[in-house]
Amino acid sequence: MHIRTRFAPSPTGFIHLGNLRSALYPWAFARRNKGDFILRIEDTDLERSTQEAVDVIIEGMSWLGLDLDEGPIYQMQRIDRYREVVKQMLDKGLAYPCYMSEEDLNKLRDEQMSNKQKPRYNCMWRPEPGKTLPPVPEGVLPVIRFKNPIGGSVVWDDAVKGRIEISNEELDDLVIARPDGTPTYNFCVVVDDLDMKITHVIRGDDHVNNTPRQINIMKALGGETPVYAHLPTVLNDSGEKMSKRNGAMSVRDYQKAGYLPEAILNYLARLGWSHGDAEVFTKEQFVDWFDLDSLGRSPAQHNPEKLLWLNHQYIQNADPVKLAQATEPFAHELGIDTQKGVDFVQVVDLLKGRANTLIEIAEGAKLFYLPAPNFTAQQIAENIPENIVPALKDLILAIQNAEPNKEGYSAAFKRVLASHQLKMPALAMPVRYALFATTQTPAIDSVLVVLGKDEAVERLSKVVQ
Ligand code: GLU
């Protein structure tokens, strides 16, 4: 079987991480099985769909590297096709026009509710052999209803939830086209899944209720039903359904906050799927390991700390040049000219060990791009203790003669500390101050490597004159 999966978002608002997880799993399943992955934009809700949401989806997917084999295919561009299928169904007697007015439908529902019955359409306009239908009212445009099977039930083996059986008694004759001819949601999904030859529908479990209706229409059209895998919801860190209202961040927000796409992908992969106790893995490993059997059955909970931890792991292990490229835009935002002065790749490499985000690296990098500090005599007196000055003078000489690497500068420090019987902080603090007017810097020997011998010596000499 040639596997074909799809991600079929409705671009009706805010796209959070949980939404993108519904793209990641079908993508991974297609890649694992050398199949095709299709993006279908379900934009038939004209009032709520926006181009902005479509852009966020497409950008987010490409940022994570979820490449497409087909699409984006917009449902609004397929309206003629849906109308064509409605017509075919009418011709074959699989669907019928229903002229019951909105008003009568409401009346029927109220009656049923007051009799404690489940509200449902009474099949008044459903043609049956030997049944006489009411006279067609004049000037009323009908809806088109699907002739749902009577009796029996719809059964499917959900790849996540197991066997699900829904009695046809529970299912109304679904409206597939509105009076103005526009097709309805569940119907478009079926036509698309059939036309696109989708073999595996992997989607959120908020669609479980739609599935029996879709399967019935699919069967009526002579199509084969795909495998369904309904993913449990993603809850936020307080256990509520993730949404913008309760503070979910959009995919773009994570990008702007300095997360690496590799970390997000790894994080999303684990949000409802597992492979033994693997927590950190590459995209290739994920694809290699992905199967529907290992999808979680209970809701996944978003854990911002874990995501931050993963981001830190990816930052630490990133290739320095690539990491510098990824950090550059954040540095530019802070006004750093990465082309001037010290080598940006070295700076990033030095700072990555303690950083959780690219923003933190950029913040740390500022230190190396500020102009050399200019001190007043009073500042020097307050921050460079008199008794340290001889050691500082020796240190300047030792640095001048040192190998210009971490080991060389570290040895220089050790020699000076030993000969002046000082502890590291007593010397390192004034050195940091002299170099940057702050006492917070990464390891001093590494800082010297990045700043460069000449610049360091020049800055240190200024405070001992
Ligand atoms: N458009 C639906 C949504 O955004 C998904 C439909 C489907 O995957 O079948 O929730």
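Just a few scattered comments:
- Translational diffusion coefficient (Stokes-Einstein; Kirkwood radius from C-alpha pairs) of the chain at 20 °C, 1.002 mPa s, in µm²/s: 79
- R0 of 30 Å, Cβ-Cβ distance Glu279-Asp319: FRET efficiency to nearest 0.05: 0.90
- Based on C-alpha pairs under 8 angstrom that are at least 6 apart in sequence, the range 306-384 has a relative contact order of 35 percent.
- Annotation: per residue accessible area for the range 22-128 equals 54 Å², rounded to a whole number [probe 1.4 Å, protein chains only].
- Simple rule: put +1 on each Lys or Arg Cβ and -1 on each Asp or Glu Cβ in the range 177-276, find the dipole, and look at Tyr185, Ile202, Tyr228; the Cα lying farthest toward the positive end is Tyr185.
- Dipole magnitude (debye, nearest 20) for the range 330-452, charges at Cβ of Lys, Arg, Asp, Glu: 260
- Eligible lysines near Lys322 by straight Cα distance, threshold 29 Å, same-chain separation 8 or greater: Lys34, Lys256, Lys283, Lys306, Lys340, Lys352, Lys366, Lys406, Lys453
- Alpha-carbon centroids, the range 40-98 and the range 275-323: separation in whole Å: 31
- Accessible solvent surface per residue of the range 133-265, calculated while the other protein chains remain in place, 1.4 angstrom probe, Å²: 44
- With both labels modelled 7 Å from their Cα along Cα-to-Cβ, the Leu133 to Lys241 distance reads 3.7 nm.
- Working note: Karplus 6.51/-1.76/1.60 with θ = phi - 60° gives the range 399-412 the couplings 5, 4, 8, 7, 4, x, 9, 4, 5, x, 5, 5, 5, 4 Hz, where Gly and Pro are set to x.
- Theoretical gain in end-to-end length, Arg81 to Lys34 [0.36 nm per residue, Cα-Cα removed]: 14.0 nm
- Each residue of the range 175-250 gets 137 Å³ once the volume of the Cα convex hull is shared out per residue.
- Expressed as a whole percent, the accessible area of the chain that falls on carbon and sulfur atoms is 50 (1.4 Å probe).
- Zone residues, the range 282-315, relative to Asp253, backbone N less than 15 Å from point 7 Å out along Cα-to-Cβ: 302-305, 307-308
- Phi-based couplings in Hz for the range 76-90 (Karplus 6.51, -1.76, 1.60; Gly and Pro marked x): 4, 8, 10, 4, 4, 4, 5, 4, 4, 5, 4, 5, 4, 5, 5
- Summarising the label geometry, the points placed 7 Å from Cα in the beta-carbon direction at Gln421 and Gln117 lie 10.3 nm from one another.
- Peptides 301-310, 367-376, 29-38 ranked from most to least packed give 29-38, 301-310, 367-376, packing being the mean of other C-beta atoms within 10 angstrom over each peptide's residues.
- Reciprocal mean inverse distance between Cα atoms of the range 292-386 - Kirkwood radius, Å: 15.9
- The range 382-444 - accessible surface per residue (Å², probe 1.4 Å): 54
- Ordering of 182-188, 122-128 by packing is 182-188, 122-128, highest average first (other Cβ atoms within 10 Å, averaged per residue).
The values are calculated or read from the model by the stated rules, or taken from the named source; none is laboratory data. All values reported here derive from a predicted model rather than from experimental measurement. Here the Cβ is made from the backbone with ideal geometry for all residues, glycine too, and neighbour counts use every protein chain on show. Surface accessibility is based on the protein's heavy atoms, side chains included, excluding ligands, DNA and RNA. Shrake-Rupley method; radii C 1.70, N 1.55, O 1.52, S 1.80 Å.
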